[in-house]
Amino acid sequence: VPLAVLEASDRVMRRFGREERECYVWWGGYFTTEGEAQVLTAIYPEIPTTFGCVHLGLAELTLLHAELRALDQVLLVEFHTHPPGAGGQNEVDAAHPAATYAGFVSIVVPDFAEPYFHDLRRTYVYEYLIGGRWRQLDAEEIRLSGGDQFFEAPQIVARQRRVQLAQCAEERDRACGR
């Protein structure tokens, strides 16, 4: 996961948290031919939310998926924050994922992402199985590269995404013999 994506995600979640509002952040990217997920992008909807309540309607879901498709990416990971004391995935979260393919990851970030969410072992990570079933990953199964600190560098986000997308396009062109 690129550091710029981690930083952007953290800033969004903490901004909403300071307003005592839940939020969604999606990580988009692609799957390699080996089936490994490559995260390239963080996007989020600017929607009305409240303490303990966040909901994406069909229009917002469609728009977010369209934004990823325009980048030639798919939804890989869905994050959403919970207020202090709310814990992990609840029945509503489990019943309304943004994607329903086996292996899709949904992460609930407690305490409005304070102080940081970058240590995913301190979050609730779930893998979608099939037929509405989820499996919570334990700390040993959670791997995230990128170090343990965040550095405020908002200008990196767009530049890194363009570079990553260009690299991705070059890799696709080579794979397709172009």
- Selection from the range 107-142 of residues among the β-branched types (Val, Ile, Thr) and without any contact (Cβ under 8 Å) to a residue 60 or more places away in the chain yields 107, 108, 123, 125, 130, 142
- Query: Say we look at the range 15-36 and pick out the residues that are more than 28 Å from residue 83 (Cβ to Cβ) and among the charged types (D, E, K, R); which of these is most open to solvent (accessible area, probe 1.4 Å)?
  - Reply: 34
- Checking 39, 12 in turn, the sole residue that is open to solvent by 10 Å² or more (accessible area, probe 1.4 Å), closer than 21 Å to residue 127 by Cα, at pLDDT 85 or above and of a type outside the set (D, E, K, R) turns out to be 39
- Can you tell me which residues in the range 98-124 are closer than 24 Å to residue 19 by Cα and either open to solvent by 30 Å² or more (accessible area, probe 1.4 Å) or of a type outside the set (A, V, I, L, M, F, W, C) (or both)? 106, 110, 111, 114, 115, 116, 118, 119, 122, 123, 124
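The values are calculated or read from the model by the stated rules, or taken from the named source; none is laboratory data. Model, not experiment: these values are computed from the prediction. We place every Cβ from the backbone using ideal geometry, glycine too, and count neighbours over all the protein chains shown. Remember, those area values only see protein heavy atoms, side chains included, never the ligands or the DNA or RNA. Shrake-Rupley method; radii C 1.70, N 1.55, O 1.52, S 1.80 Å.
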